[in-house]
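Worksheet for the structure shown next.
The values are calculated or read from the model by the stated rules, or taken from the named source; none is laboratory data. The model shown is predicted, which means the values in this text are computed figures rather than measured ones. Cβ atoms come from the backbone with ideal geometry, glycine included; neighbour counts cover every protein chain shown.
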Amino acid sequence: MDVTLVCDIMMDLEGSIRPAMYLADELVAKGYTVSMMSPIMSDDVEERLRVSGIMPINLRAKLTAKNSGLSLLWFETWVREAFLKLNSRRIDNDSSVMINFSQVVSVPSLAWYLQGPPSVALKDMEKELSSGFRIAYNFLKPVIEYADRRLVSRMGRVSAVVIANSKFCASMYSKFGVKVYDVVYPPIDCQTFRPSTSNPSSDYVLTYFGKETKFSVVKRVADVGVKIRAFGSKTPFIRRDLIEHSNVEFLGRVTTSELVDEYSNALFTLFPFTHEPFGYVPLESMACGTPVLTNDMQGPSEYVIHDGTGWLLDTDEEFVYKALELWKGGYPSHVRLNCIKAASKFDKKFYLEKWLKLLSYFTENRPISPNCLQKQE
């Protein structure tokens, strides 16, 4: 059987691309003919796919935000599809089975994997945006919400079955009128993300700088004397007063092996966010044996165990208080073991087992049509 996995922009193979990549590699190993399609791919990604036995289908979208960061580049691809259907227009008729991991390409598919609507993310992120971005967002907000609702509805109609990456993600799309068949949590490779040391230095707190980060909380934690190391791509959303803060060391982009070391040696991972359908950072941290300080809401609240593998908090004041308490007093050693055990339940082998069962069921035992939406208990 020929299978095509449709993805968002593929400048690397991390983040929202990882679930599709793991599935593609597994299907190739099982003898399927596999392609991966994206509005735009980097040369490195195309080469990685070919080496893995996967045919790259680069739609080569003409984008203007190539040098403005991945977030704005992704948003431009969304605008192209939401308003003009430019991404999907470039797709030739294909007889292969389509699995859509994208939020920016509307294509008839056997399954659509939901990873979050941008209109909801922008609404949650609004308070952390710079004044310029906030003004632009408030002006465009009604148009963005209308276009997003219309695109989500269209993608739902052309998908035989809809899968969400978390219960929270499913709840967002249900408000758009999309019926979700099941939840399949994104995978983590526990052979890669595991403790790199049995004697962590614990002399810093790790955090992530990205579009969903609640930077105001990170600054308040740094202000009370907690030493913070931050990783992530340079984006227009990062506050200058954080980059220049005496208690913050910004590492920028790091390799996977470097990131594993950073997680493994951190006292804990600080992850305050504005919007997070699932959240790889807390889970990667746990897999490396390091507990997480994060919000008691949305995706991370579905797998971080309060007082077991981390701490789920409601207010900014609680973040600052708990971060300082942990910085000064630490936590019991068994917490690190709890983290590793809990994260192992999200290993990619379980994710792949579930996807293969779903594919077998829907290709062999059920007709491929939008009527196949009722989950069988």
Across region 29-51, which residue is nearest to Asn67 (Cα to Cα) among those that are surrounded by 16 or more Cβ atoms within 10 Å (Cβ to Cβ) and not hydrophobic (A, V, I, L, M, F, W, C)?
-> Pro39
Would you confirm whether any residue within region 7-28 is surrounded by fewer than 20 Cβ atoms within 10 Å (Cβ to Cβ) and over 22 Å from the mean Cα position of the chain (by Cα)?
-> yes
Look at Lys357 and say whether it is more than 20 Å from the chain's Cα centre (by Cα) and at pLDDT below 95.
-> yes
Single condition Thr274 does not satisfy, out of (1) under 23 Å from His334 (Cβ atoms); (2) β-branched (Val, Ile, Thr); (3) touching a Lys or Arg at 6+ places or on another chain (Cβ under 8 Å) | (1)
Which numbered condition Ser246 fails, given (1) within 18 Å of Pro272 (Cα to Cα); (2) part of a loop (DSSP other than H, G, I, E, B) | (1)
What tally of residues in region 108-140 results from selecting those that are in a loop (DSSP other than H, G, I, E, B) and out of contact with any helix residue (DSSP H, G or I) (no Cβ under 7 Å at 6 or more places or on another chain)?
-> 2
Out of all the residues in region 147-163, which are buried (at least 20 other Cβ atoms within 10 Å of the Cβ) and either without any contact (Cβ under 8 Å) to a residue 12 or more places away in the chain or closer than 18 Å to Leu84 by Cβ (or both)?
-> Asp148, Leu151, Val152, Met155
Restricting region 157-185 to residues that are over 18 Å from the mean Cα position of the chain (by Cα) and small (Gly, Ala, Ser), the residue that is farthest from Tyr22 (Cα to Cα) | Gly177
Residue tally, condition touching a Ser or Thr at 6+ places or on another chain (Cβ under 9 Å), of a type in the set (Lys, Arg) and surrounded by 18 or more Cβ atoms within 10 Å (Cβ to Cβ), over region 308-356 | 1
Reported set for region 40-71 where residues are within 20 Å of the chain's Cα centre (by Cα) and either within 22 Å of Met155 (Cβ to Cβ) or in a loop (DSSP other than H, G, I, E, B) (or both) is Ile40, Met41, Ser42, Ser68, Gly69, Leu70, Ser71
If you check Ser130 against the conditions, is it surrounded by fewer than 17 Cβ atoms within 10 Å (Cβ to Cβ), at pLDDT below 95, closer than 22 Å to Thr363 by Cα and out of contact with any Leu (no Cβ under 7 Å at 6 or more places or on another chain)?
-> no
Tally of residues being in contact with a helix residue (DSSP H, G or I) (Cβ under 7 Å, 6 or more places away or on another chain) and assigned to a helix (DSSP H, G or I) across region 170-191 = 2
Within the set of pairs 6+ apart or on separate chains, which have a first residue in region 169-187 that is in contact (Cβ under 8 Å) with a residue 24 or more places away in the chain, a second that is of a type in the set (S, T, N, Q) and assigned to a strand (DSSP E or B), and C-beta atoms under 9 Å apart?
-> Val178/Ser159
Restricting attention to region 222-243, the residues that are charged (D, E, K, R) and assigned to a helix (DSSP H, G or I) number exactly 3
Does at least one position in region 192-214 carry a residue that is more than 24 Å from Lys345 (Cα to Cα), part of a helix (DSSP H, G or I), in contact with an Asp or Glu (Cβ under 7 Å, 6 or more places away or on another chain) and basic (Lys, Arg)?
-> no
